[in-house]
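Visitor: Got a structure for you, questions after.
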């Protein structure tokens, strides 16, 4: 493609090119296409979000966080973006930020099982047993509803282990 043709592409066309490249396994082209899309239109929500995902895949988590924050600027009630920002925030040691965004993802979508599960692990890391078990119980209920057997079994195993470790019963942790 000629440089002139490239310069006339819209943000949406760059975004679509990024999607196609990603589906073909060409992460580098996907990343570059999403960058061009957000340069042309910083308010292109899906381009910002997908750029964050691509940065996360190549372990550029600070860049991923920046893109997720931009996506939230455009669409502040997107639970998956809050979840994704929480994941990368945790990876770069921004635990308070991770807590904030997992909680926000759950506030927006109370049935977000993986957000409950990951939030439970954050609480576990600071040895807050009641909160850990509370969110594991919520995750288990959701995974049971959705039929995610592997995640359900993991949650159930962790509930047993945490109840033993923290000397709590599931009933004591149903409400916070």
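Visitor: Going by what's in this entry, would residue 50 be described as in a loop (DSSP other than H, G, I, E, B), in contact with a helix residue (DSSP H, G or I) (Cβ under 7 Å, 6 or more places away or on another chain) and at pLDDT 95 or above? If you could, list the steps in order and put the result at the bottom.
Guide: Values: in a loop (DSSP other than H, G, I, E, B): no; in contact with a helix residue (DSSP H, G or I) (Cβ under 7 Å, 6 or more places away or on another chain): yes; at pLDDT 95 or above: yes.
For residue 50, the condition - in a loop (DSSP other than H, G, I, E, B), in contact with a helix residue (DSSP H, G or I) (Cβ under 7 Å, 6 or more places away or on another chain) and at pLDDT 95 or above - is not met.
Visitor: Can you name every residue in the stretch 53-74 that is part of a helix (DSSP H, G or I), out of contact with any helix residue (DSSP H, G or I) (no Cβ under 6 Å at 6 or more places or on another chain) and more than 17 Å from residue 21 (Cβ to Cβ)? Full working, then the answer.
Guide: From the stretch 53-74, those part of a helix (DSSP H, G or I) are 53-57, 61-74; that's our starting set.
Filter once more, keeping what is out of contact with any helix residue (DSSP H, G or I) (no Cβ under 6 Å at 6 or more places or on another chain): 53, 57, 62, 66, 69, 73.
Answer for the stretch 53-74, where residues must be part of a helix (DSSP H, G or I), out of contact with any helix residue (DSSP H, G or I) (no Cβ under 6 Å at 6 or more places or on another chain) and more than 17 Å from residue 21 (Cβ to Cβ): 62, 66, 69, 73.
Conditions (1) more than 14 Å from the chain's Cα centre (by Cα); (2) over 17 Å from residue 9 (Cβ atoms), marked per residue:
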position	(1), (2)
21	yes, no
30	yes, no
34	yes, no
44	yes, no
47	yes, no
58	yes, yes
63	yes, yes
68	no, yes
73	yes, yes
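Visitor: OK, next. Against the conditions (1) within 25 Å of residue 57 (Cβ to Cβ); (2) in contact (Cβ under 8 Å) with a residue 24 or more places away in the chain; (3) part of a loop (DSSP other than H, G, I, E, B), where does residue 111 fall short? Just the number, please.
Guide: Here residue 111 clears every test but (1).
Visitor: With within 16 Å of the chain's Cα centre (by Cα) and on the phi > 0 side of the Ramachandran plot as the only criterion, which of 93, 147 stands out? If you could, list the steps in order and put the result at the bottom.
Guide: Details: 147 fails: within 16 Å of the chain's Cα centre (by Cα).
Result: 93 is the single residue among 93, 147 that is within 16 Å of the chain's Cα centre (by Cα) and on the phi > 0 side of the Ramachandran plot.
Visitor: If residue 77 meets every condition in (1) within 30 Å of residue 132 (Cβ to Cβ); (2) touching a helix residue (DSSP H, G or I) at 6+ places or on another chain (Cβ under 7 Å); (3) in a helix (DSSP H, G or I) apart from one, which number is that one?
Guide: So residue 77 meets the others, but not (3).
The values are calculated or read from the model by the stated rules, or taken from the named source; none is laboratory data. Treat the numbers as computed from the prediction; the structure is a model and nothing was measured. For neighbour counting, all protein chains shown are included, and Cβ atoms are generated from backbone atoms with ideal geometry for every residue, glycine included.
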